[in-house]
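To start, the structure under review is shown below, and the notes come after it.
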Amino acid sequence: MKFPVRILAAAFASFMAVTSAHALVVYSSVDEENAKKLLDAFSKASGVEVQMVFLSSGPALSRIEAEKASPQADVWFGAPSENHILAKERGLTEPYVSANADKLTDEFKDKDGFWHAIYTNPIAFGVRTDILESRKAPVPTSWEDLKNPAYKGLIQMPSPQSSGTAYAMMLTLIKERGEDGAFEYMKALNPNVQTYTQSGTAPSGALGVGETPLAIQFTPGFLKLADEGFPVKVVFPSEGVGYEVAAMSILKGAQHADEAKKLVDWMTSTDGQGALSASKTYFLPIRSDVSGGTGVPALDSIKLVAADASFAAENKKRLVERWAKEVLGQ
């Protein structure tokens with residue numbers, strides 16, 4: 001007996017719907033490639049099926065808020081921790097204190113369990129040592145060094161108008177020099193900037209192809225190039241650097257709360273943090289007892305400059321507009 005094609009198709013669709021109903025649904029703001037690596041490792045370790053939807057930070061928060069009355073996802077995975085603070089304040093997430101929470105410092109968790117960190121990335125300079133050597137230019141070791149006229153038109157960095165990476169750099173400079181001092185510095189640096197990129201990760205791409213010998217962004221792209229054999233040196237400026245803390249939250253009304261808790265527990269465990277290096281994400285672990293792998297520096301070896309999340313959120317529009325006016329002259 002042969003079943004009509006449409007009946008078979010309907011039966012298959014129904015089967016898929018039942019299967020997906022048992023999957024942990026994750027809205028991921030980690031880049032798709034690395035999110036898949038990490039979530040696949042979690043599924044392999046736990047047996048929990050995961051359905052991932054990629055959404056950058058802003059759209060993810062908007063969608064979670066729009067779905068508040070009828071949540072369509074269980075976990076928000078990734079996005080800087082200040083976004084998860086906003087989600088908590090808006091009543092979009094629910095608390096769960098992982099058994100691993102005591103292994104995380106205060107900056108890597110919410111004290112009530114509304115979010116836990118996944119990884120961190122500091123800002124750094126990526127330097128093509130071969131190109132600088134050919135130009136007889138020194139390797140910079142500090143923010144102040146970047147003003148050297150030898151680097152005129154040689155630096156690529158993202159634009160604060162479109163990139164959270166660049167805004168994190170701005171906040172670092174403000175913390176170190178005060179707001180007016182930071183803007184004086186950025187104006188002085190401007191002649192040395194070849195391009196302000198739209199994307200926060202574009203400078204490392206330009207560094208890899210030799211389009212620029214000096215790039216500024218978060219570290220993963222630089223660490224990847226160095227690991228692949230490019231003549232790239234990763235420099236953490238001596239004055240200190242800002243950093244991002246990517247976090248995860250369980251969404252309020254999650255249909256798969258138990259599975260969501262398993263993901264939080266795994267990601268904050270030594271196995272989950274070890275997956276950062278095993279999967280070659282080049283992200284830095286947030287546990288001091290886990291190595292980031294060969295070539296990935298330990299957090300305690302870097303002078304880190306913490307930003308005030310409230311100041312960052314409240315002043316972003318004003319500071320970016322000031323940057324466009326005073327640095328770009330727009």
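Structure notes:
- From the C-alpha gyration tensor of the chain, square roots of 5λ in Å: 39, 22, 20
- Since only Pro237, Gly274, Ala41 are under comparison, the one whose Cα sits farthest along the positive direction of the charge dipole of the chain, derived from C-beta charges on Lys, Arg, Asp and Glu, is Ala41.
- The radius of gyration of the Cα set in segment 234-280, together with its Dmax, comes out at 15.5, 47 angstrom.
- Distribution of pairwise C-alpha distances over segment 186-267, 10 Å bins, in %: 14, 33, 23, 18, 12, 1
- Relative contact order of the chain, pairs being alpha-carbon contacts under 8 Å that are 6 or more residues apart, as %: 24
- Packing, as the average of other Cβ atoms within 10 Å across residues, places the peptides 167-175, 81-89, 213-221, 57-65 in the order 213-221, 167-175, 81-89, 57-65, highest first.
- For the chain, calculated [θ]222 nm from helices alone, where every DSSP H run of n ≥ 4 adds -39500 (n - 2.57): -12500 deg cm²/dmol
- Once you reduce segment 309-330 and segment 251-269 to the center of their Cα atoms, the two points are 36 Å from each other.
- Just so you know, the Cα atoms of segment 55-117 work out to an Rg and Dmax of 11.8, 34 Å.
- Kirkwood-based shape ratio for segment 37-150, expressed as Rg/Rh from alpha carbons: 1.15
- Selection among Gly295, Leu55, Leu104 by position relative to the dipole of the chain gives Leu55 as farthest towards the positive end (Cβ unit charges, Cα centre).
- Within the accessible area of the chain (1.4 Å probe), percent carbon and sulfur: 54
- Each semi-axis of the equivalent ellipsoid for segment 120-229 is √(5λ) with λ an eigenvalue of the Cα gyration tensor; in descending order they amount to 21, 17, 12 Å.
- Here is the tail figure for segment 154-193: Cα pairs spaced more than 12 Å apart come to 58 percent of all pairs.
- Beta bridge orientation in the chain: antiparallel %, DSSP, nearest 5: 60
- Pairs of Cα atoms in segment 284-330 fall into 5 Å distance bins, from 0 up to the last occupied one, in shares of 5, 17, 14, 12, 11, 12, 13, 11, 4, 0 percent.
- Rounded to the nearest 20 debye, the dipole size of the chain about its Cα centre is 700 debye, using +1 on the Cβ of Lys and Arg and -1 on the Cβ of Asp and Glu.
The values are calculated or read from the model by the stated rules, or taken from the named source; none is laboratory data. If you're wondering where the values come from, they're calculated on a predicted model, not measured in any experiment. Because the Cβ atoms are built from the backbone with ideal geometry, glycine has one as well, and the counts that use them run over all protein chains shown. All accessible areas refer to the heavy atoms of the entire protein, side chains included, with ligands and DNA or RNA removed. Shrake-Rupley method; radii C 1.70, N 1.55, O 1.52, S 1.80 Å.
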